[in-house]
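*Asks:* Okay, handing you the structure first.
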Amino acid sequence: MRARWGRRVRSVGLVAVVFAAASVVGGRPAAADEGLRWEGRSTYTLDAPAGVVRVVVDITLTNETADYYYDEIGFGALAEASTLRATRADGGALSAQLVPRGADIASARITLSPRLLPGESMQLQAAYDLVGQAPRSERWTRVNPAFAAFTAFATGDPGLASVEVRVPKSFTVDVEGAELSRDEVDGQLVLRAAAIADPPTWYASLTADDEEG
């Protein structure tokens, strides 16, 4: 007898986070009883000469349902995100697109292929760039050789989300929001937060100055 499964889509929704008298948007994991365990590791790397912040999100999914499959996931990103691409752990490309959700936000949508069946796990990686915006732009990200301002968000289930930010050590970095540990690795300042308890409300807003730049 052929097994029958219903379809579910897991989407990390968008939630407003208020800081510095302004409103920005982060991610909210879906309720745990939806049956998809989501582990996420987000890495933000400042590429000042290119005028962008490189973002990589490593995701491990586990379908804990008995009778549903998943063929699509989504998570929130700032509207200035561009060039979204996604791959499986074996290097296979996945279909991915950025869908505008308003003036400030977008949804990163990834099609799972093959679809994730009950009891199965899948590792994948999503990557995109946060493009530095022009002066006086209403969007958030600014990047040039001497200055950068951007916000990092967490993606994943409570306790299963982590964030790492990499900035050249020539920059002096200030952080608003979450507390981040600091280390120096291979000429970069590395700021980290692990096992984030409440990803929906977590954010780190960074400003970085390089006086020599």
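*Asks:* What residue, among those in segment 156-182 that are open to solvent by 40 Å² or more (accessible area, probe 1.4 Å) and among the hydrophobic types (A, V, I, L, M, F, W, C), is farthest from Pro49 (Cα to Cα)?
*Replies:* This residue is Leu160.
*Asks:* Let me ask something else. Give me the pairs, please: first residue somewhere in segment 148-166 and under 19 Å from Asp183 (Cα atoms), second residue anywhere and crowded, with 24+ Cβ neighbours inside 10 Å and β-branched (Val, Ile, Thr), beta-carbon distance under 7 Å, and either six or more positions apart or on two chains.
*Replies:* Ala152/Val163; Ala152/Val165
*Asks:* Any idea which of (1) loosely packed, with under 15 Cβ neighbours inside 10 Å; (2) part of a strand (DSSP E or B); (3) aliphatic (A, V, I, L, M) is the one Ala197 doesn't satisfy?
*Replies:* All conditions are met except number (2).
*Asks:* Sticking with this one: Given the conditions (1) open to solvent by 40 Å² or more (accessible area, probe 1.4 Å); (2) closer than 26 Å to Asp90 by Cα, report the number of the one that Asn144 does not fulfil.
*Replies:* Among (1) open to solvent by 40 Å² or more (accessible area, probe 1.4 Å); (2) closer than 26 Å to Asp90 by Cα, Asn144 violates only (2).
*Asks:* Of the residues that sit in segment 98-128 and are touching a residue at least 40 places away in the same chain (Cβ under 8 Å), open to solvent by 40 Å² or more (accessible area, probe 1.4 Å) and part of a strand (DSSP E or B), which one is nearest to Leu78 (Cα to Cα)?
*Replies:* Step by step, filter segment 98-128, then rank; the result is Gln125.
*Asks:* Going by what's in this entry, would Arg139 be described as out of contact with any Cys (no Cβ under 9 Å at 6 or more places or on another chain), assigned to a strand (DSSP E or B), surrounded by 12 or more Cβ atoms within 10 Å (Cβ to Cβ) and among the charged types (D, E, K, R)?
*Replies:* no
*Asks:* When both residues are 6+ apart or on different chains and their Cβ atoms are under 7 Å apart, which pairs have a first residue that lies in segment 37-59 and is more than 12 Å from Phe150 (Cβ to Cβ) and in contact (Cβ under 8 Å) with a residue 40 or more places away in the chain, and a second that is in a strand (DSSP E or B) and among the aromatic types (Phe, Trp, Tyr)?
*Replies:* Final answer for the pair search is Ile59/Trp38.
*Asks:* Val185 is checked against (1) more than 19 Å from the chain's Cα centre (by Cα); (2) surrounded by 16 or more Cβ atoms within 10 Å (Cβ to Cβ) and fails just one. What number does that condition carry?
*Replies:* Status for Val185: all satisfied but (2).
*Asks:* Check segment 103-122 and report whether any residue there is of a type in the set (Val, Ile, Thr) and under 18 Å from Asp47 (Cβ atoms). Write out each step before concluding.
*Replies:* Narrowing segment 103-122 to residues of a type in the set (Val, Ile, Thr): 105, 110-111.
Imposing the further condition that a residue be under 18 Å from Asp47 (Cβ atoms) reduces the set to none.
Checked segment 103-122: no residue is of a type in the set (Val, Ile, Thr) and under 18 Å from Asp47 (Cβ atoms).
The values are calculated or read from the model by the stated rules, or taken from the named source; none is laboratory data. Because the structure is a prediction, the values reported are computed rather than measured. Please note: Cβ atoms are built from the backbone with ideal geometry, for glycine as well, and neighbour counts cover all protein chains shown. Ligands, DNA and RNA are stripped out before the accessible areas are found, and what is left, the full protein with its side chains, is counted by its heavy atoms. Shrake-Rupley method; radii C 1.70, N 1.55, O 1.52, S 1.80 Å.
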